[in-house]
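Just so you know, all these numbers are worked out from the coordinates, no wet-lab data involved. Just so it is clear, the structure is predicted and the values come from calculations on it, not from any experiment. Methodologically, a virtual Cβ is constructed for each residue, glycine included, from the backbone with ideal geometry; neighbour enumeration extends over all protein chains shown.
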Amino acid sequence: MDAPYLGSDESIILTLHDVIVSGERIEVILTSKRLLFVTSGKDQIRHDEIPFESIRSVVAGENALREPTLTLSTSAFSGEEKTTEIIFFRRPGIEKTGERDQLLAKLKEHVSPSLVHAAQIGISHSSNQVAGEGPGMVPRSPPANHPPAQEWSPVLPQYRTRAPPPDPIVRLKFNAITVIIIVIVAIVFGAIVYGQLTKGKPVEHSGNATIPAATTLAATVPEATGTQTIQQTPVSDVTSPPSSPPQLTIPKTGIWVRVLYSGTFVGSVGTSKLLRQVNATGEQFYQIPTRDDIVDVSVQKQEGTGDELAVEVYKDGSLVRRSTTKTPKGTVDLHVDV
């Protein structure tokens, strides 16, 4: 599909970002006539739309990760009914319930009176489940299969910030110190080489100089009374064979993420629907419970060293993608469609 065009009598009322529909992160645009779901790719922009005339009910609630949701029930001209769930992707420290309630209020203002009544019926049905909740809210208690909050939570990749350029004066001082050190090292090295070359050279004397004669001292050696034979046992050098490096075993089935770093790294590993927070060191493997989704990885070095941080994605034992960084406190971001 191409980018959406607005009619001459159509205007944009509300625009929301970081919204998930059918497993994709999209942009929601509410106009005076319809609801648009816009997906931006590398080379194209595609969109789906829901006219106000096709909306039969709107139900507000939360999913298993306590993210605000809106569930739209629509019907096509053929009479086929369809349910669309809008998930308001929660960022750390940012509450998305207000955006959901704002979109709900705008929808109730711009649909026809009959659809307003149908939407209110659907919303009141959910709100009656818990006393004291606002319109359209589902029970606050998590479902039975909700994962522990301290182990799994949706997070966004951490964005790297570019360090400011160094001060020119500091750079000149650093360059001058470097040149001085190099000159000193060269002088010391030259003195050592010159000393080695002149060490065994004979000293030349002038013509009138007197050179003392060498005196030979004869040492008295007592005569041996017998002949002694000393047998020497040859000692063979025993060289131990080099130990073979441990063989790395990559799991042959499933989707796996491998992180290698000598220091400590933190971040998130998983899919766009379910990310896992990680905080570890060394070599770590993480299994991704998916077969046909996008694997999202974002890990950051915690030390300001130049050691390499490597992230690898494997599918059924084969390497799919690898990315590294040696930047101090650098981050590796991977989005791999497996």
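A Förster radius of 25 Å, combined with the Cβ-Cβ distance separating Glu27 from Lys329, puts the computed FRET efficiency at roughly 0.20. Cβ-to-Cβ counts within 10 Å put Tyr314, Tyr261 in ascending order as Tyr314, Tyr261, the fewest first. In this simple spin-label approximation, Thr249 and Ala310 carry label points 7 Å from Cα along the Cα→Cβ vector, and these lie 2.0 nm apart.
For an R0 of 56 angstrom, estimate the FRET efficiency from the Cβ-Cβ distance between Arg66 and Ala186 and round to the nearest 0.05. According to the calculation, E is roughly 0.25.
In terms of surrounding Cβ atoms within a 10 Å radius of their Cβ, Val21, Val183 rank from fewest to most as Val183, Val21. Multiplying the residue separation of Asn279 and Leu319 by 0.36 nm and subtracting their alpha-carbon distance yields 12.1 nm. For region 255-337, the Stokes-Einstein estimate of translational diffusion at 10 °C and a viscosity of 1.306 mPa s comes to 127 µm²/s, using the Kirkwood hydrodynamic radius over alpha-carbon pairs. Any of Lys33/Lys82; Lys82/Lys273; Lys96/Lys301; Lys96/Lys329; Lys82/Lys108; Lys273/Lys315 with alpha carbons more than 23 Å apart? Name them for me. From the list (Lys33/Lys82; Lys82/Lys273; Lys96/Lys301; Lys96/Lys329; Lys82/Lys108; Lys273/Lys315), the Cα-Cα distance tops 23 Å for Lys96/Lys301; Lys96/Lys329.
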